[in-house]
Amino acid sequence: MKTSEYAVLFLAVVVLILGSKQAWAADAVQSLTSTNLEVLTSSQVKDLTALAQKPLEEQVAVIKKDVPVELLSSARRGGRHYFDFLGPAKKSIEEISEIEGLYGKATCPKAGAPAVLYIAEDAPQTTLIHEYAHFLQMKNEKRWCELDGRTLESDEHRERALLYHRFEFNVLKTMWEMGDTLTKNFEDRILIVEGLNRETTVLKKAGLKPLDEDTEAKLAKAAEDAQTEINLLTWILSKPEEGQAVLAKMDVLTLKACTEASSKEGMPLIDALNGCFKKRCMLTNVLCKAPEVATADQVRKYSDDLFSLIISMTTKNWSDSTCKLNDLKEELTGHVEEPTLCWKKWVDVATPYKRSAPLRLVEVSDKEGAKFFKAKNFKIDKQIGFFTVNNPLGFINRTYCYFIFQGVAKFSSLPIDQFAFATEGAALAVNKREEYVKWLKDDQAGQTCSKLVKAFTGETPSDLKSVPKHKNFLLIINRLASLPGGLQKFEDNVRVDVNHERLHLIFATQSVVRLQTKQKWNAQTPEFQKAFKEAHPSYDFSNEDILLREFYSYSNQDHPPVNL
């Protein structure tokens, strides 16, 4: 696998929105220190941990000895109803103010009425432990209920805000530390991880250090994994047209990068622009049937706004009263990885984006082989079946899950919507085909990847039966991902990628090469090793074999050893 330098433009940083309660943070937590964030006693934490190991109905029975538990009805659709046994509901979530996350609330006793734990009928399972922990905190920190329901002075507002974040952090940290003791589904994990991340960020902004470095690192990793799961579920539940809408945006980014790179090499802007459109249409039959051509007037009109120029060419002769050029541009620049409204509308009516033919590979004849890509022959070429793809969906369908299967990349390091425009090639071993097909069928990650690819491309991942039986390897070159380097360097970039992928195969089949590569890597300075890893963020370099393989290919791809 070789990822384009342009790939970094597609890798988005996920930002957790902290919400309005954070704005006062520097003010409100001044009196806190990192040592007085605990509210629950060690005995209470021990009891909560033991309680969490019981079945849900037994948890309720124990808690009811301390505080009433009532069900709230919810008009929301979807969601498991774990708490229906509490019913029937006498109130709805709309009748209870300030429900945490719309799932539950621990209330203070008022005017002779007892405290109550309210649980929404569609709440995640851990909501019960979460709200009961808040009830225990209220018993320990009586000031919370003294402030409840009153018209507060400004200082009291800050005090209550301080208590709120102290309570939330303490409960979420306790639940995080319970680990697998808690019965959690995906939604429970998200709420705990993102909630603890949120509260930790608020406290850190106030100058506190609420978590030790090891815990903070584990939390960051859990947050990354959780966001990956969210992204996977989002695409798995999406329609192929929504994936196409994102690919349309990636297409514009590719054309823009190609035009900019070509013009920087001295090509007039209009020639660079039209040349990139023409080359893109030559490479793929799904993104366009014939290249659009920009006029001199168009280029003058948008000379300082290349995004608008390329979008106007891409969506030529299409109009929608609710989707103007600026809307398409804003959706692209502000929400590049989302299947936004106007881009979905455009893809829905744009014939070039409607895939009618089955996804397929384009085979390069044995006689042409590496020469088709302007690359020199290697001895190993006789064992390779050379292919290209004629659309980005075909590359995704044939190779994305294989990369996950190999452990080269993770779902999080190279998301599926960015894959076809950021990955220039793939080398697949024929003798791994049966193992790969079994992985797709039986392994949880394989099953997830199959659903993901089908949701995105409309077809399940290829079982690679089309691989020539007399070949040991399959080399798939995705020339579309070389386009951002510019027209002048296009052929050279493709040649380098063909070298890169074949070097992978040499590394895999020659033990002497692997030994020499490890020695060479170990001889590098720590600064070099760090820089190399940071320059290629999409790879899973926790696997030493992948690290050494990529180091070997990147080190030799421009000028391969003459004896290959």
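The values are calculated or read from the model by the stated rules, or taken from the named source; none is laboratory data. Because the structure is predicted, anything quoted here is derived from the model rather than measured. Cβ atoms come from the backbone with ideal geometry, glycine included; neighbour counts cover every protein chain shown. These area figures cover heavy atoms from the full protein model, side chains too; ligands, DNA and RNA do not enter into them. Shrake-Rupley method; radii C 1.70, N 1.55, O 1.52, S 1.80 Å.
Give me the percent of DSSP beta bridges within the range 360-509 that run antiparallel, rounded to the nearest 5. Provide the component values of the computation, followed by the final result.
Values: 8 of 13 bridges.
Antiparallel bridges: around 60 percent, rounded to the nearest 5.
Residue by residue through the range 296-311, what is 3J(HN,Hα) from phi via Karplus (6.51 cos²θ - 1.76 cosθ + 1.60, θ = phi - 60°)? Round to whole Hz and write x for glycine and proline.
Calculated HN-Hα couplings, in order: 4, 5, 4, 5, 5, 5, 10, 4, 9, 9, 5, 4, 4, 4, 5, 5 Hz.
Going Cα to Cα from Lys471, which lysines come in below 24 Å? Please leave out same-chain ones fewer than 8 positions away.
Once the sequence-local lysines are set aside, what remains near Lys471 is Lys2, Lys367, Lys371, Lys374, Lys376, Lys379, Lys382, Lys432, Lys438.
Which residues' amide hydrogens lie under 5 Å from the amide hydrogen of Leu72, considering only partners 5 or more residues apart or on another chain, with H built in the peptide plane?
It is Ile119, Ala120, Glu121, by chain and number.
Could you compute how much accessible surface Glu435 exposes when probed at 1.4 Å, giving the result in Å² to the nearest 10?
Accessible surface of Glu435 is approximately 100 Å².
Helix 127-140 versus the longest principal axis of the chain: what is the Cα-based angle in degrees, 0 to 90, to the nearest 10?
40
Once the Cα atoms of the range 166-255 are picked out, what are the Rg and Dmax in Å?
Rg and Dmax of the range 166-255, Cα atoms, are 17.3, 51 Å.
On the Cα set of the chain, report Rg and Dmax in Å, please.
28.4, 90
Just for the chain, what percent of DSSP beta bridges are antiparallel, to the closest 5?
If we restrict to bridges inside the chain, about 60 percent are antiparallel.
Against the longest principal axis of the chain, how steep is helix 544-556, in degrees 0 to 90 to the nearest 10, with axes from Cα atoms?
Taking Cα atoms only, the helix is inclined about 40 degrees.
Under 5 Å between amide H atoms, partner at least 5 residues away or on a different chain: which partners does Glu424 have, H built in plane at 1.01 Å?
Lys2, Thr3, Ser4
Residue by residue through the range 512-527, what is 3J(HN,Hα) from phi via Karplus (6.51 cos²θ - 1.76 cosθ + 1.60, θ = phi - 60°)? Round to whole Hz and write x for glycine and proline.
Along the range 512-527, the couplings run 5, 5, 4, 5, 5, 5, 5, 5, 5, 5, 5, 7, 6, 6, x, 5 Hz.
Calculate, in nm to one decimal, what Trp318 and Val62 gain on full extension: separation in residues at 0.36 nm each, minus their alpha carbon distance.
Values: separation 256, 0.36 × 256 = 92.16 nm, distance 6.37 nm.
Net length gain for the segment: 85.8 nm.
Evaluate 2.2 N^0.38 Å with N set to the residue count of the range 410-453, then give the Cα radius of gyration divided by it.
Scaled against compact globular proteins, the figure is 1.27.
Work out how much length Asn431 to Leu102 would gain on full extension: take 0.36 nm times their residue separation and subtract the Cα-Cα distance, in nm to one decimal. Walk me through the numbers on the way to the answer.
Details: separation 329, 0.36 × 329 = 118.44 nm, distance 5.21 nm.
Roughly 113.2 nm would be gained on extension.
Give me the log10 of I(q) over I(0) for the range 46-136 at q = 0.17, 0.20, 0.25 Å⁻¹, as the Debye formula computes it from C-alpha points; what are the numbers?
Per q value, in the given order, log10 I(q)/I(0) is -0.67, -0.93, -1.43.
Once each part is reduced to its C-alpha centroid, what is the distance from the range 161-176 to the range 248-321 in angstrom?
If we compute the Cα centre of each part, the gap is 52 Å.
Can you tell me the Rg and Dmax of the range 414-564, counting just the alpha carbons, in angstroms?
Rg, Dmax (Cα atoms, Å): 16.9, 47.
Which distance in nm do the two modelled labels at Val512 and Asp180 give, with both placed 7 Å along the Cα-to-Cβ direction?
Label-label distance for Val512 and Asp180, simple model: 4.7 nm.
Please find the FRET efficiency linking Asp463 to Glu224, where r is the Cβ-Cβ separation and R0 is fixed at 35 Å, and quote it to the nearest 0.05.
Efficiency for this residue pair is about 0.70.
On a C-alpha basis, how far is the centre of the range 498-542 from the centre of the range 80-140 in Å? Whole number, if you could?
Answer, in whole Å: 55.
What is the helix-to-structure angle for 186-205, meaning the angle in degrees between its Cα long axis and the longest Cα principal axis of the chain, kept from 0 to 90 and rounded to the nearest 10?
Tilt of helix 186-205: around 80 degrees.
Full extension from Glu70 to Glu265: what is 0.36 nm times the residue separation minus their Cα-Cα distance, to one decimal in nm?
63.2 nm
Using only Cα atoms, figure out Rg for the range 245-344 and give it as a multiple of 2.2 N^0.38 Å.
1.03
Any idea what % of Cα-Cα pairs in the range 375-462 are farther than 19 Å?
Of all Cα-Cα distances in the range 375-462, 40 percent exceed 19 Å.
Once you place label points 7 Å from the Cα toward the Cβ at Asp442 and Ser542, how far apart are they in nm?
Result for the modelled spin labels: 2.4 nm.
Pull up all non-local amide H partners of Gln125: gap of 5 or more, or a different chain, and H-to-H distance under 5 Å with H placed in the peptide plane.
Amide H neighbours of Gln125, under 5 Å, 5+ apart: Asn185.
With θ taken as phi - 60° and the coefficients 6.51, -1.76 and 1.60, list the Karplus ³J(HN,Hα) couplings across the range 490-497 in order, rounded to whole Hz; mark glycine and proline as x.
4, 4, 5, 5, 5, 4, 4, 5
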